[in-house]
Structure formats: C-alpha cells, structure tokens
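Before any comments, here is the structure.
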Amino acid sequence: MIPAAFEYSRATSVKQAVAQLGAAGPEGKVIAGGQSLLPLMRLRLSQPTYLVDVNGVRELDYIHPDGQFLRVGAMSRHVTLARSEVVRAQLPLLAEMASQVGDAQVRTRGTLGGVFAHADAAGDYPTLAVMLDATVVTDRRRIPAREFFQHLFTTALESDELVCEVVFPIARGPHRYLKFRRRLYDWAIVGAAVQQLDSGWRVGLTHMGPTPVRATGVEERLSAGAAPPEACAAAADGLEPPSDVRASAAYRRHLAQVLTRRALEQAA
Amino acid sequence: MAETLRVTVNGEGRSDQVEPRVLLVHYLREVCGLTGTHVGCDTSQCGACTVLLDGAPVKSCNMLALQAEGAEITTIEGLAPPGGLHPLQTAFWQEHGLQCGYCTPGFIMAAAALLAENHDPSDEEIGRGLEGNLCRCTGYVNIRRAVKAAARAMREGESAPVGG
C-alpha cells in the first residue's frame, strides 16, 4: 500500500518548519518519526497534501533539567528517552513509558513531539503529561497538557503550529506504568500510571476516553489513607471508555481498577 | 515531484531520484534491487522489512525513502561479506530458526541490532528485542535458540564463513 501523492520538504529549524507549514495550508502536516502517520497514510485514512519533515530540526533534540522541571525537546526519540541517564534520574516514569512504546523498531524512529501532536487516545506520554500537569511548548505559546488534548486525534494546535518541547515536573519518587495489551508491541487497551509526589499520589489513565484522564477519585482516596484495593475502586468513576474490537467499555472499567491497584502495589 | 536521495546502502554510496511517497522498503527492493528485505504485513506490524538505519533497527515500510537522506542502511544482503554468512545467518540455518523463511531477514536484522548492544541476551531479553517481529509458521523457540547460538559464536569469534 502506497500513500497518496503529496509534496515534501525538509526543515532544519523551527522557523523554517513553521514557514513551510504555513505555505502548505490546512492540508499540510508535520512528519517526525512517522510511526503513526505513515500507517494511516498507507491505509489512506490520512491524505495530507504536503509533509514537512522535521527530522532535521536538531534544535528540538534535547533533554534539559531546569530547576524543578525536565524540559524534553519534541524530537527526542523513544529509544533516547528510555536510555537517558538524565530522564532515568529525574523522571524515571517517563523512561519507563518510553521503553514500552511500540517495539524496538518503532522506538528507533518515534518521537515525543509526534506522540503529543498525534494525540492517539492510547498514547502513553499524554497520560503522564496530564497527570503531572506538564506544559506543551509550541513555536508560539505554552499550553497546559490538560487543555492541549481536546478529543480523539484532536489537539489545541493550529494547522501551522509546531510542538517544540514538553515541560514535565521532576518526579523521582515511587512510580509505575502498567498497560494491558494483547500483543507486546500493541497500543494500550488500558494503561494506568502512578507517581508519588511530595503532595501525594498522582494517577493517570490511558485509553479510558478520547483523551488521557487523571483519576482524581483514586488520588483523593489515597490522600485520605485508603489502601490500594479500596482506592482503585474509584478508578473508572465518571469515565465513559470506548467499546471497540479489543475491549468493551465494561471491561475497560474493570481493567482501569485492576491496573491502578497493581501499579500502586508495584510502585517503586 | 521526485527529489534526490543520497544514501549509503550496504557500504555503497548512491544518489537516486525518488518520489516523496516511495517507502524505504520499495526503494530498497525496486530501485536498489535488494529483494532480501521483505514486505510482510504492509501495516507496520510484522517487522519482515526491518533494516538497520545507522545501526539501529527500523521498519523500512514505515519510513519514506527520502527520510533516509545521508544515512547508512544495512540490509540482509549487506550483513556479511559477499559469499559469506553472518553468524546469525549460520545460526538460523543450523538451529532451524525458520520454516517458510519469509520473516527471516527481518528477524535477523532485528537480532543483529540486539546483539550489537547485548552480547549475551537472556530468553527474556531476546523476546523483548524481537517484539517487533512476527513469525507465522514456526513459533519462536528455534528463533530464540538461533539468536543464542549466534551470540555464543560471536562472543567466541567464530565468524568463519559457511557455504558460499
């Protein structure tokens, strides 16, 4: 299967990428790692008329600790995040998630910025960003993660706007990310992430709705002194997860509770 | 409109005119004539098309050829010197790590990337390292055995060519 024809240009700076996107018009798209976009293009589910390749934008390939924050450049590859000593020391949950994205081949190419811009409901990093109140930095503004993800494959980005960086708070405490999938390389049917901060536990869920969610009900129960089995009962409260070929909504609610409990019990 | 792609494939520098929508796997097979890299699932899942891009494993069906600009690509044909076999090729043969063989080039390239970083992988590490590759005939026991045998041979420096 060959993608529909499109025009293509390479950018080597943020400025150039934004200019090329502007010239491309609303049917233009950014290609970074392409690990989600190219399969969609080959199935002709996506037919951009113009691709701006940002793989040459070296200024977006960095990982910088900055005070209480970890600034991660959009062109950071999954394999880099998984192995980075800085990430493993300052935000180990991000490294843990990165090591479980797709498979080894996908992790070679796929990027952090691509995951955010693509906004698949089953994406892993968005859950971390929402539960920790991370900030998405674009070429023109800063967007809180909880406002960035608006719906399935829909973000706050303008058509010519580029994700440049994600700013996560540093978190070195106990954490775990568990995702349930039928095949090792597959997307999460449901995922549960837990991170202990000085202020208490943060709990996030993947694929329990069109955007990642923070399981505040679980967090509140934990703050009140509840043990994981009791706290996790609130994991799916108020959520309406999708039913699809992989799992029914009821099964997803069950998974959210079980994975949250296990993640809390295994957090280290 | 076709653009110029400059890339090194199995040690040979090339310059070709390539349409943007040409995937790397089709460039390798149809322009370079290297048909050892297979198109399997066509949906970026099976890993039969795995090649090394600057030493790292990628699914060549999931990359535009133009995105390989300036890179060094190694395909199954370039893993061993002409006429020889890489220890992984020998091991897949000797340990019967295949049945129909369609997935084999991808498995060997993914395993080559794994062994470049881990000279003595455990069963678990082999499973994780090859998670992006599917075999629909033989199962994975002999594949795992072959990777272990190759790792052993490479540690012992037994890379003497077989066959050819």
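The order of A:Asp120, A:Asp53, A:Asp244 by accessible area, most exposed first and with a 1.4 Å probe, is A:Asp244, A:Asp120, A:Asp53.
Counting partner chain Cβ atoms within 10 Å of every residue's Cβ in B:89-102, what's the average?
Numbers: counts 0, 0, 0, 0, 0, 0, 0, 0, 0, 0, 0, 0, 0, 0.
Taking all residues of B:89-102 together, the mean is 0.
Rg over Rh for chain B works out to 0.97, both radii taken from alpha-carbon positions and Rh defined as the Kirkwood radius. In this structure, the amide hydrogen of B:Glu3, modeled 1.01 Å from its nitrogen in the peptide plane, lies closer than 5 angstrom to those of B:Val18, B:Glu19, counting only residues at least 5 positions away or on a different chain.
Can you list which of the chymotrypsin sites (Phe, Trp or Tyr not before Pro) found in the range A:82-189 are DSSP loop residues with at most 16 other C-beta atoms within 10 Å? Loop-located and lightly packed - A:Phe153.
Sequence gap at least 6, Cα distance under 8 Å: using those rules, report the relative contact order of the range B:3-78 to the nearest whole percent. Relative contact order comes out at 39 percent. Counting only DSSP beta bridges whose two residues both lie in the range A:1-102, roughly 35 percent are antiparallel. log10 I(q)/I(0), Debye, Cα-only the range A:175-266, no solvent, q = 0.19 Å⁻¹? Each listed q maps to, in turn, -0.78. Site pair A:Asp139 and B:Ser122 shows an inter-label distance of 4.7 nm when each label is modelled 7 Å from Cα along Cα→Cβ.
The range A:1-66 and the range A:85-130 have their alpha-carbon centroids 19 Å apart.
Kirkwood analysis of the Cα pair distances in the range B:3-78 returns a hydrodynamic radius of 11.9 Å.
Dipole of the range A:58-169 computed with +1 at Lys/Arg Cβ and -1 at Asp/Glu Cβ about the Cα centre; of A:Ala89, A:Thr111, A:Val130, farthest Cα towards the positive end is A:Ala89. Evaluated at q = 0.14, 0.15, 0.17 Å⁻¹, the base-10 log of the normalised Debye intensity for the range A:117-243, with identical point scatterers placed on the Cα atoms, takes the values -0.62, -0.71, -0.90. Given their separation in residues at 0.36 nm each and the Cα-Cα distance between them, B:Trp93 and B:Asp54 gain 11.4 nm when the chain is fully extended. Accessible surface for the protein assembly as shown, divided over its residues, is 42 Å² per residue with a 1.4 Å probe.
So what is the relative contact order of the range B:1-158, in percent, for Cα pairs below 8 Å that sit 6 or more residues apart?
Details: 291 pairs, mean separation 37.7, N = 158.
Computed over the range B:1-158, the figure is 24 percent.
The contact between chain A and chain B removes approximately 2700 Å² from the accessible area (both sides summed; 1.4 Å probe; ligands, DNA and RNA excluded). Our summary of shape: the Cα atoms of the range B:87-155 have principal axis extents of 28, 22, 17 Å, ordered from largest down, in whole angstrom. Is the C-alpha gyration tensor of the protein assembly as shown telling us rounded, prolate or oblate? Criteria: a/c under 1.5 is rounded; beyond that, a/b larger than b/c is prolate, otherwise oblate. Taking the square roots of the gyration eigenvalues as a ≥ b ≥ c, the protein assembly as shown is oblate.
When only C-alpha pairs under 8 Å and at least 6 residues apart count, what is the relative contact order of chain A, in percent?
On the way: 606 pairs, mean separation 42.3, N = 268.
Relative contact order, chain A: 16 percent.
Heavy-atom accessible area for B:Glu3, with the other protein chains in place and a 1.4 Å probe, reaches approximately 60 Å².
Could you rank B:Cys41, A:Cys164 by how accessible they are, 1.4 Å probe, largest area first? If you can, show how the numbers build up before the last one.
Numbers: B:Cys41 45, A:Cys164 15 Å².
The ordering from most to least exposed comes out as B:Cys41, A:Cys164.
For the residues B:His96, B:His86, B:His38, a GNM of chain B with alpha-carbon springs under 10 Å puts the largest fluctuation on B:His96.
Around the amide H of B:Leu34, modelled in the peptide plane, lie the amide H atoms of B:Arg29, all under 5 Å away and 5 or more residues distant in sequence or on another chain. D by Stokes-Einstein for the range A:67-155, Kirkwood Rh over Cα pairs, 4 °C, 1.567 mPa s: 98 µm²/s. In whole Å, how far is the Cα centre of the range A:154-177 from that of the range A:215-240? Centre-to-centre distance over Cα atoms comes out at 24 Å. 3J(HN,Hα) along the range B:44-61: 6, 10, 7, x, 4, 8, 5, 9, 9, 10, 6, x, 9, x, 9, 8, 6, 7 Hz, from the Karplus curve 6.51 cos²θ - 1.76 cosθ + 1.60 with θ = phi - 60°, whole Hz, x for Gly and Pro.
About its Cα centre, the range A:7-53 has a charge dipole of approximately 80 debye under the convention of +1 per Lys or Arg Cβ and -1 per Asp or Glu Cβ, with nothing else charged.
Remark: the Cα gyration tensor places the range A:7-53 in the oblate category, a/c being 1.5 or greater and a/b not exceeding b/c.
The values are calculated or read from the model by the stated rules, or taken from the named source; none is laboratory data. Since we're looking at a predicted model, the values are computed, not measured. Methodologically, a virtual Cβ is constructed for each residue, glycine included, from the backbone with ideal geometry; neighbour enumeration extends over all protein chains shown. Just the protein is used for accessible areas: all its heavy atoms, side chains included, with ligands, DNA and RNA removed. Shrake-Rupley method; radii C 1.70, N 1.55, O 1.52, S 1.80 Å.
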